[in-house]
Amino acid sequence: MRGTKPQIFEDDSPMEEFFPAPEWLSDDARKEWDRVLPVLLERRILTDADLGSLENYCAAIGQVREAQREINKRGILISTARGSKKNPAVTVQSDAMTRARLLAAELGLTPVSRSRPAVRGSSGGEGDDPLNLS
């Protein structure tokens, strides 16, 4: 190859500054984003294709927490004119937990998914680091 190599600048700012939580996420979801993003960046497994899954995972966790607050306030069963029925927040929470669990596995955030071999090898080929995290 001809020419000179580009100069590489060391940036001391944390990578999290480059990937702020989307504004549409709830406060609970943003807290989860801030919690897991550094882990994913440190493991160097996050690609731009994964950002949608990360957003959805954080949104699901936010819904789990919001539903739990509603369950804590009103209880698992609520009184109606016809008697007691299951609080709708229980169903919302259950669905959100399922989504969060599946997305966590996709993102490598569960013990089982972390124990599986990585899909990407360490060949150092082009495209291994689409977010240019190296």
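The values are calculated or read from the model by the stated rules, or taken from the named source; none is laboratory data. Everything numeric here is computed off the predicted structure, so don't read it as measured data. For neighbour counting, all protein chains shown are included, and Cβ atoms are generated from backbone atoms with ideal geometry for every residue, glycine included.
Restricting attention to segment 30-56, which residues are within 9 Å of Leu107 (Cβ to Cβ) and not small (Gly, Ala, Ser)?
Within segment 30-56, Val36, Leu40, Ile45, Leu46, Asp50, Leu54 qualify.
Looking at (1) more than 15 Å from the chain's Cα centre (by Cα); (2) under 18 Å from Ser26 (Cα atoms); (3) of a type outside the set (A, V, I, L, M), can you tell me which one Lys85 breaks?
Just one mismatch for Lys85, condition (2).
Just checking, does segment 115-131 include any residue being assigned to a helix (DSSP H, G or I), at pLDDT below 95 and among the small types (Gly, Ala, Ser)?
Here is the first cut: in segment 115-131, the ones assigned to a helix (DSSP H, G or I) are 115.
Pick out the ones that are also at pLDDT below 95 and you get 115.
The next check asks that each one be among the small types (Gly, Ala, Ser); those that pass are 115.
The answer is yes, given that some residue of segment 115-131 is assigned to a helix (DSSP H, G or I), at pLDDT below 95 and among the small types (Gly, Ala, Ser).
Sort out which residues of segment 52-88 are touching a strand residue (DSSP E or B) at 6+ places or on another chain (Cβ under 9 Å) and assigned to a helix (DSSP H, G or I), and write them in order of number.
If the condition is that a residue be touching a strand residue (DSSP E or B) at 6+ places or on another chain (Cβ under 9 Å) and assigned to a helix (DSSP H, G or I), then Pro88 is the only one that fits.
Among the residues of segment 59-79, is there at least one that is on the phi > 0 side of the Ramachandran plot, surrounded by fewer than 16 Cβ atoms within 10 Å (Cβ to Cβ) and modelled with pLDDT of 95 or more?
There is at least one residue in segment 59-79 that is on the phi > 0 side of the Ramachandran plot, surrounded by fewer than 16 Cβ atoms within 10 Å (Cβ to Cβ) and modelled with pLDDT of 95 or more.
I'd like to know if segment 34-44 contains one or more residues that are at positive phi and modelled with pLDDT under 95.
Within segment 34-44 (the criterion being at positive phi and modelled with pLDDT under 95), the answer is yes, since at least one residue qualifies.
Under 7 Å between Cβ atoms, which residue pairs at least 6 apart in sequence (or on different chains) link something in segment 44-68 that is within 20 Å of Glu23 (Cβ to Cβ) and free of Cβ contacts under 8 Å to residues at least 40 places away in the same chain with a partner that is hydroxyl-bearing (Ser, Thr, Tyr) and surrounded by fewer than 18 Cβ atoms within 10 Å (Cβ to Cβ)?
Taking only residues 6 or more apart or on different chains, the pairs are Gly62/Ser26.
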